[in-house]
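Trainee: Pasting a structure below so you can have a look.
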Amino acid sequence: MGLNRREFLGLAAVGSAALLTGQSLAKDTHAEPIDCAETYGVLVDTVACIGCRKCEAACNRAHKLADLPPSAFEDKTVFDRHRRPDAAAYTVVNRFEDPKDPARKFTIKVQCMHCLHPACASACIVGALTKNAQGPVEYDAWKCIGCRYCMVACPFQVPAYEYANALDPQVRKCTFCSERILTEGKLPACVEICPNEALTYGRRDELLAAAYSRIKAFPDRYVNHVYGEHEVGGTSWLYLAPVEFTNTELPVLTADVIPTTTETIQHGVFKSFVPPLALYGLLGLIMHSLRDGKEEEAEVKS
Amino acid sequence: MNHHEVAIPMRTKFFTTGTKVLFGIMLLGLASYAYRLIAGIGAATNLNDQYPWGIWIAIDVASGVALAAGGFTTAALADIFHKEEYHAITRPALLTAMLGYTFVVIGLLADLGRYYNVWHPMLPSMWQGNSVLFEVGMCVMVYLSVLYIEFLPVVVERFRGRVRLPGPLASLNRFFESWLELAHKYLGRFISLFIIAGVVLSCLHQSSLGTLMVIAPTKLHPLWYTPISPLLFLLSAISVGFPTVIFESILASRSFKLQPELRILSSIARYTPILLGVYLGLKLSDITLREAWPFVWAFSTESFFWLAEILLGVFAPIVILASATRRHSVAWLFTAASLTIGGVALNRINVFLIGYTPLYDNGGYFPSVFEILVTAGLISALVLVYRWIVTVFPIISVPIESIPAHERAANGIRADMSGAK
């Protein structure tokens, strides 16, 4: 190969430029801290919840989900087992009992928690999932490639997939009724229909204050823990419960923001694109100097 | 440089009992693939909301990428560190990598719900720098192109001045000739840039594959959940590079009735116990630092799979290849290479499947018959395409003396020619 040092370095520069295509990897785009005054959420009071499942029915209607008769949502035998949200139901209500007093039952509505620092959005290869500063974690099916990494990443195991759809499957989860809230000025369908004010929509900081005032007013009714205040760095949906949350299906999670580790590794490897370019340069130098050595050897021999 | 060997197209009957069986499996795989496209992922697989990833990701993609690492490790050794004596194995390794990555992409497309959007990560408007998967996707895509470019010199060597298209296509002969001439003229000057780029890109995405599951700290079993997972993935990929070359070279020499390249194979096998040793040391220190030893002795499914991965896939090949005598035995080399390959593949399966525990397990996951057939079909297709390509292109090196005179003339080989450049 007839290539002198200058040519080689020139070409190396061209090659390095080609590597820069993935520039955005190098950018430090850690999620901005969410301003609690700006972001909205829902407080779920499982003590006030009467397990009527009207939220499930309203959600089903608002999002035109599974074609079910209204009576399907009056069936209380569904409480015999714990259900999970799926592609045909963005929210489900499950029943639990106080371990100290099994007669004391309570019901929990589950759906997407709309994390302040969503792991699904950090994982998404094309940015199809994004956190709206107002609260909702939104999904853009048009961008989605269907890799389902969001489902792997979600610490609450919420996103569901339309596996039955062969051509146009989507990731399905609670949308926080973002189109109703943000463009129509309405409440989320579940909050609107709740007959016992177990669901309260509002600014997240005000919801937290309301939650703690309820705990303070009725310490015998509530456990002193607002689930979602600190879990995974905070969620837009917050929960009050009569017993420790370990007795519910909500997972035990620390305050660590889930995607911090991967984002730190990712941005460390690509910091200003220096490490890959340095490796490229180093390998180029080795290749070049060893080749010179070999050529000299050959010359000496001949 | 070895002056007695040269790469030539193999002359062999394509259909043997073995290839017929592979062909049958490939057809079944093709039918299953078609069924997945028509009926959807739900009908064809046992995936569900709790287990969104199955063997198509764990085996076809994650293990596939790891086992294609022979391409960049051999390129680094032969072309960057100029160990010219290894040139006889660079082409088979390059072909393995090129086909390996091609089939990784074909396998991935089966798993993507919206496979027709697979090009989306290329659009700057959809770039997502926080996503580990974005980096893996970009690197794999660019690296696949680099591998095809690295393969071009082989095409030039085979067809330059010899393009003879049949029938009406003959009018295109000159068109292709001019392109081959152009490639011949300039490739030599640029190829080293692509070779280095291939090594850098490989280091990046081999490690990032290990970062993927770090986003699921509450779901991945403590035996495999570690922030140094990217380093472990990179090291194991580098370690498995030469064993895949050894494995494939011994199989090829068996299949084409050639003498195994024992001198080269036992020579590259020297590196394997060192690389695996570093990997093992890191892996065990990690378990110690994270105080995860109780999980090793838990006698659970996970502990069983972890022990199998470490004892059979890492420890055993170190012991076998530590001895120079055994490194010079084809049987031992093949055993150790197979164990290493199995160990790294098992590690990927452990990280993506066995160690993955969803929060609300609803009966677990076991691959459907279609999933198994697609995976088996892809592996069979890879072997068949490999076999076909080595009969068309000069990939496998043979001693010049062993080539009959008329074939030497047909391939433009002179007695003083050296091996692949």
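Trainee: Picking from B:LEU123, B:LEU133, which residue would you name as being facing chain A (nearest Cβ under 9 Å) and modelled with pLDDT of 95 or more?
Mentor: B:LEU133
Trainee: Considering only residues of the range A:233-277 that are assigned to a strand (DSSP E or B) and within 20 Å of the chain's Cα centre (by Cα), which is farthest from A:ALA210 (Cα to Cα)?
Mentor: Filtering the range A:233-277 for residues that are assigned to a strand (DSSP E or B) and within 20 Å of the chain's Cα centre (by Cα), the one farthest from A:ALA210 (Cα to Cα) comes out as A:THR235.
Trainee: Identify, from the list B:VAL156, B:VAL140, the residue that is more than 10 Å from chain A (Cβ to nearest Cβ), touching a His at 6+ places or on another chain (Cβ under 6 Å), surrounded by fewer than 21 Cβ atoms within 10 Å (Cβ to Cβ) and part of a helix (DSSP H, G or I).
Mentor: Just a single option satisfies the conditions, and that option is B:VAL156.
Trainee: Here is a follow-up. Report, by residue number, each residue of the range B:41-89 that is touching a strand residue (DSSP E or B) at 6+ places or on another chain (Cβ under 6 Å) and of a type in the set (A, V, I, L, M, F, W, C).
Mentor: Residue satisfying the conditions is B:ALA88 alone.
Trainee: Then there's this: If a residue has to be exposed (fewer than 15 other Cβ atoms within 10 Å of the Cβ) and charged (D, E, K, R) to count, how many in the range A:51-104 make the cut?
Mentor: The qualifying residues number 12.
Trainee: Now for a different question. Residue pairs, Cβ under 8 Å, 6 or more apart or interchain, first in the range A:208-223 and touching a residue at least 12 places away in the same chain (Cβ under 8 Å), second surrounded by 12 or more Cβ atoms within 10 Å (Cβ to Cβ) and among the small types (Gly, Ala, Ser). List them.
Mentor: A:ALA210/A:GLY202; A:TYR222/A:ALA241; A:VAL223/A:ALA241
Trainee: Of the residues that sit in the range B:103-117 and are among the hydrophobic types (A, V, I, L, M, F, W, C) and buried (at least 18 other Cβ atoms within 10 Å of the Cβ), which one is farthest from the other protein chains (Cβ to nearest Cβ)?
Mentor: So, considering only residues that are among the hydrophobic types (A, V, I, L, M, F, W, C) and buried (at least 18 other Cβ atoms within 10 Å of the Cβ), the one farthest from the other protein chains (Cβ to nearest Cβ) is B:PHE103.
Trainee: Search the range B:51-84 for residues being outside any helix (DSSP H, G or I) and within 7 Å of another protein chain (Cβ to nearest Cβ), and hand back the single one that is modelled with the lowest pLDDT.
Mentor: Per the stated criteria, the residue is B:HIS82.
Trainee: Quick one: which of B:LEU109, B:LEU172, B:LEU182, B:LEU187 is within 30 Å of B:SER32 (Cβ to Cβ), among the aliphatic types (A, V, I, L, M) and not in a loop (DSSP other than H, G, I, E, B)?
Mentor: Numbers: B:LEU172 fails: within 30 Å of B:SER32 (Cβ to Cβ); B:LEU182 fails: within 30 Å of B:SER32 (Cβ to Cβ); B:LEU187 fails: within 30 Å of B:SER32 (Cβ to Cβ).
Result: B:LEU109 is the single residue among B:LEU109, B:LEU172, B:LEU182, B:LEU187 that is within 30 Å of B:SER32 (Cβ to Cβ), among the aliphatic types (A, V, I, L, M) and not in a loop (DSSP other than H, G, I, E, B).
Trainee: Cβ-Cβ under 8 Å, sequence separation 6+ or interchain: first residue in the range B:27-42 and farther than 16 Å from A:LEU167 by Cβ, partner of a type in the set (S, T, N, Q). Which pairs?
Mentor: Note: pairs meeting the criteria are B:GLY29/B:THR375; B:GLY29/B:SER380.
Trainee: Conditions: (1) in contact with a helix residue (DSSP H, G or I) (Cβ under 7 Å, 6 or more places away or on another chain); (2) of a type in the set (A, V, I, L, M); (3) in contact (Cβ under 8 Å) with a residue 60 or more places away in the chain; (4) more than 14 Å from A:GLN111 (Cα to Cα). A:ALA166 meets all but one. Number of the miss?
Mentor: All conditions are met except number (3).
Trainee: For the list (1) over 24 Å from B:PHE334 (Cβ atoms); (2) loosely packed, with under 15 Cβ neighbours inside 10 Å; (3) modelled with pLDDT of 95 or more, I need the number of the one condition that B:PHE299 fails.
Mentor: Of (1) over 24 Å from B:PHE334 (Cβ atoms); (2) loosely packed, with under 15 Cβ neighbours inside 10 Å; (3) modelled with pLDDT of 95 or more, only one is false for B:PHE299: (3).
The values are calculated or read from the model by the stated rules, or taken from the named source; none is laboratory data. What you are looking at is a predicted structure, and each value in this text was computed from that prediction instead of being measured. Because the Cβ atoms are built from the backbone with ideal geometry, glycine has one as well, and the counts that use them run over all protein chains shown.
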